[in-house]
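Chemist: Could you have a look at this structure, given as structure tokens, before my questions?
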Amino acid sequence: MNKRELGTLYEKRAASYLEEHGYRVKAQNYRCRTGEIDLIAEEDGCLCFVEVKYRSGARFGAASEAVDARKQHTIIMTARYYLQQQGYCDETPCRFDVVAFDGERIELIRNAFEIV
């Protein structure tokens, strides 16, 4: 299985996991000129932009650690574009979540980072 196929597999697993935990997935692999967001979902009236990360082992650190400042910036810019493109108002409640797979362990980090 190549990296893209593996990524798709874990994004599908993350979508199922989120749905089991009360999220409603609206989009997968949203792409635009500013970047990509793995999953866009709603939970309790909040629009969630979700990054999915997978690590098979600890050699390169925990999966959640891969969502560094550069990646966060790209996700934020892409989320802004999505909100504008879809006609959401400025007061739409939003947050940035991470679903991290470390081996078979799944961790959901709600509000993993904020716009600064």
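Chemist: Quick check on the stretch 89-96. Is at least one of its residues outside any loop (DSSP other than H, G, I, E, B), out of contact with any Leu (no Cβ under 6 Å at 6 or more places or on another chain) and surrounded by 15 or more Cβ atoms within 10 Å (Cβ to Cβ)?
Modeler: yes
Chemist: So which residues in the stretch 97-107 are free of Cβ contacts under 8 Å to residues at least 60 places away in the same chain and either surrounded by 13 or more Cβ atoms within 10 Å (Cβ to Cβ) or assigned to a strand (DSSP E or B) (or both), if there are any at all?
Modeler: Passing the criteria: Asp97, Val98, Ala100, Asp102, Arg105, Glu107.
Chemist: Look through the stretch 1-23, keep the residues that are aliphatic (A, V, I, L, M) and closer than 17 Å to Arg105 by Cβ, and return whichever of them is surrounded by the most Cβ atoms within 10 Å (Cβ to Cβ).
Modeler: That would be Ala14.
Chemist: Tally time: how many residues in the stretch 33-85 are farther than 20 Å from Ile106 by Cα, out of contact with any Cys (no Cβ under 8 Å at 6 or more places or on another chain) and loosely packed, with under 13 Cβ neighbours inside 10 Å?
Modeler: Residues flagged as farther than 20 Å from Ile106 by Cα, out of contact with any Cys (no Cβ under 8 Å at 6 or more places or on another chain) and loosely packed, with under 13 Cβ neighbours inside 10 Å within the stretch 33-85 amount to 7.
Each reported figure results from applying straightforward, stated rules to the coordinates on display, with no laboratory input. Everything numeric here is computed off the predicted structure, so don't read it as measured data. Every residue, glycine as well, gets a Cβ built from its backbone with ideal geometry; the counts of neighbours run over all protein chains shown.
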